[in-house]
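**Student:** This structure is in structure tokens; I'll ask about it shortly.
What follows draws every value from the coordinates through simple rules; no lab data is involved. Everything quoted here is computed from the prediction, not taken from an experiment. Don't worry about glycine lacking a Cβ; one is built from the backbone with ideal geometry, like all the others, and counts go over all protein chains shown.
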Amino acid sequence: MKEFPIPVVALGPGSQPVEAGPECLEMPTDMDVFRPPRMAFESDAVVADGVCAQLRELLGRMQAQGFSRRRAVRLDLAGLDPTLLRALSDALGEGEVAVRMQEGNGETLIQESAFAGVWRVLRHDAAGACVEDVIEACAIPPRVIATARSGAGADIAAPPLPDGAMNSPALLAELRSASQASRDEAPAHVINLTLLPLTPEDLQYLGAALGAGTTTLLSRGYGKCRITSTALRDVWWVQYFNGMDKLILNTVEAVDIPEVALAAEEDWRDSIERIGDLIGVLSAH
């Protein structure tokens with residue numbers, strides 16, 4: 001898995017510029033599209049057959065279970081020959097969404113494959129050793145929500161109000177109420193900070209109050225979207241960037257997981273078809 005390239009943007013002061021008047025949002029200029037993974041191993045019949053066997057097993061389980069937002073199809077990769085594991089990684093490729101989570105003293109990295117809704121999950125212990133390597137097929141691995149919640153509290157204390165803050169205490173009260181009301185798969189309660197009259201001190205206050213959570217996601221589709229859990233249960237910072245990494249939309253969402261991070265059922269069905277095509281290509285060599 002490649003380095004996790006999250007742009008560094010503060011979740012408080014400086015995360016939203018204060019302008020003298022309204023301006024049009026700049027539209028992103030880049031869009032990621034499906035590209036067939038590069039497979040240097042195709043000429044090795046033994047390795048290609050091994051990759052096909054793993055993909056057939058994954059495909060069969062996906063077809064048997066069907067799409068689920070909460071329940072993942074799992075394929076354990078522990079014990080695979082290193083050459084086969086590298087070839088399988090090449091075959092799966094890399095998609096739009098990457099996740100980094102802190103779990104206890106360890107860390108979990110999740111990378112969506114080139115097949116939307118199919119995820120590679122690597123968990124490392126405190127020493128950096130890999131203790132889990134699995135493929136999970138679902139809207140998003142359930143552990144993302146579980147880990148974000150485990151690093152958050154049911155409520156937070158309001159910090160001292162800095163001079164210059166005006167509207168942030170009311171927003172914090174709204175978020176605390178929305179957090180309490182949040183339920184699995186319920187619609188998101190979204191506060192668009194970009195459109196609100198907020199001072200830098202307001203953003204500083206919200207950043208200090210909400211704190212940092214355990215889970216960060218980066219979604220690349222049309223531009224980039226950075227999603228960060230907070231210390232308040234089911235409350236996320238969601239920031240959108242254009243192709244030049246300029247922040248164009250800054251929101252806070254109270255929801256189990258922001259919709260932008262999820263693979264859709266249509267993506268799942270498309271991935272099943274493409275995995276079947278890939279198996280056909282590899283089997284023909």
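**Student:** Gain in length, E174 to R71, computed as 0.36 nm per residue apart minus the alpha-carbon separation, to one decimal in nm? Each step should come with its number before you reach the end.
**Tutor:** Numbers: separation 103, 0.36 × 103 = 37.08 nm, distance 3.10 nm.
Using 0.36 nm per residue and subtracting the Cα-Cα distance, I get 34.0 nm.
**Student:** Just the projected area, averaged over all directions, of the convex hull on the alpha carbon atoms of region 147-261: how many nm²? Please list the in-between numbers first.
**Tutor:** On the way: hull surface 27.8 nm².
Quarter of the Cα hull surface area: 6.9 nm².
**Student:** How much length, in nm to one decimal, is gained on full extension between A126 and D245, taken as 0.36 nm per residue of separation minus their Cα-Cα distance?
**Tutor:** Fully extending the segment from A126 to D245 adds 39.6 nm.
**Student:** Would you mind checking region 222-253 for residues with the amide N under 13 Å from a putative spin-label position 7 Å along Cα→C-beta of V190?
**Tutor:** 238-240, 249-253
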